[in-house]
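What follows draws every value from the coordinates through simple rules; no lab data is involved. All of these numbers come straight from a predicted model, not from anything done at the bench. Positions of Cβ are backbone-derived with ideal geometry, glycine not excepted, and every protein chain shown enters the neighbour counts.
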Amino acid sequence: MIAEKDIKMMQTAYGILFEVENCMRIYIRDKMEECYGIHWFHRAPRIVLKRPPKKSFGDLLFSDYATYFRNYPDAFKNLPSDFFVKLQELYPLRNKIAHNHLLSESKFELLEQNSTFLINSMTNKHQRLLVTS
């Protein structure tokens with residue numbers, strides 16, 4: 001039987017992940033539009049990468065976000081350098097959550113700390129989407 005505390009922790013973990021992923025999607029869209037204009041999705045790849053986009057923005061995976069930060073540094077120059085380390089540390093946690101594997105308490109704490117850092121970094125001038133419990 002699965003313990004009630006484990007169920008609650010994983011529900012909270014999923015909520016945190018939902019918030020950080022959606023915050024990141026909105027942040028990328030807003031910063032790319034500021035830097036490349038309203039048609040940024042078609043314009044930026046042609047300017048920077050010399051090719052059209054490979055996927056639609058709505059089809060991005062969590063791992064695709066780092067590619068945006070790497071390929072378009074002008075749009076994300078205000079992010080702290082630790083941002084990318086914290087984002088990288090979330091990948092294995094995200095996979096555990098997405099595949100319904102129980103997080104240890106230390107991994108859950110890492111998820112909370114890194115997500116808070118990432119959201120705070122992105123919402124410096126943006127409004128927070130949701131309140132995590």
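Within the set Ala3, Ala44, the sole residue that is within 17 Å of Asp64 (Cβ to Cβ) and small (Gly, Ala, Ser) turns out to be Ala44. When each of Ile38, Ile97, Ile47 is tested for being closer than 13 Å to Ile16 by Cβ and of a type in the set (Val, Ile, Thr), the lone residue that passes is Ile97.
Taking the condition among the charged types (D, E, K, R) and over 18 Å from the mean Cα position of the chain (by Cα), does Arg51 pass? Considered against the rule, which asks whether it is among the charged types (D, E, K, R) and over 18 Å from the mean Cα position of the chain (by Cα), Arg51 comes out as yes.
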